[in-house]
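The values are calculated or read from the model by the stated rules, or taken from the named source; none is laboratory data. Owing to the predicted nature of the structure, the values given are computational and were not obtained by experimental measurement. No Cβ is skipped: glycine too gets one built from the backbone with ideal geometry, and neighbour counts run over all protein chains shown.
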Amino acid sequence: MMGTGAGAVLIFVYLTAPFLVVFVALFLLSVRRGKRASAEGLRENERLIRAAEVVWLIAIGLTWTAINLVSIQWIPWIQAQTAVSTQQEPTQVVQVEAFMWGYRLDAYELRTGVVKFVARSLDAIHAFAVYSPKGELLATVMLMPGMTEEIVLELREPGEYTVRCLEYCGDGHSAMASKFRVV
């Protein structure tokens, strides 16, 4: 469900509900304060200030809601899900070993189509992140010593793909990268 639009909306609601409750409470308190101000016969400038508080709160709430709704499309697992193919069987399997500070792939030239990467770490915690020729993150997985992880990707675009480590693994972490070519 996390890769679907419904999963994104569920996470959005779950993460933003506490803020929404606080916003509604502040809004109701501001409106109540504004009504009390008109009943108490405050001076005109004090009424304007209290009205401005309510308008400001409404503007902040609408801006916050708009930013949250627009940013749903940038949730990383939704982007990665577009590259993952669970419908098709992989036509190629690539064994990957991560080590300080590099990768060893058993194939550096692949054909377009569905590819299954079977990755493991030889020494420390690493990540296996695949970037398209355009530099877009297609998928990532954390690699821990003694465990094997699998990623199935549909590589449609020919070109040079980059593999990077996204988990800090020591002094040489920034240079930990590899490439493979899709033809």
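Annotations for the structure displayed:
- Answer from VAL55, VAL24, VAL9 - the residue that is at pLDDT below 75 and part of a helix (DSSP H, G or I): VAL9
- In region 152-176, of all residues being under 15 Å from VAL115 (Cα atoms) and hydrophobic (A, V, I, L, M, F, W, C), the one that is surrounded by the fewest Cβ atoms within 10 Å (Cβ to Cβ) corresponds to VAL152.
- Number of residues in region 89-105 that are polar (S, T, N, Q) and either at pLDDT 95 or above or not assigned by TED's automatic domain parsing to the domain that holds GLU167 (or both) equals 1.
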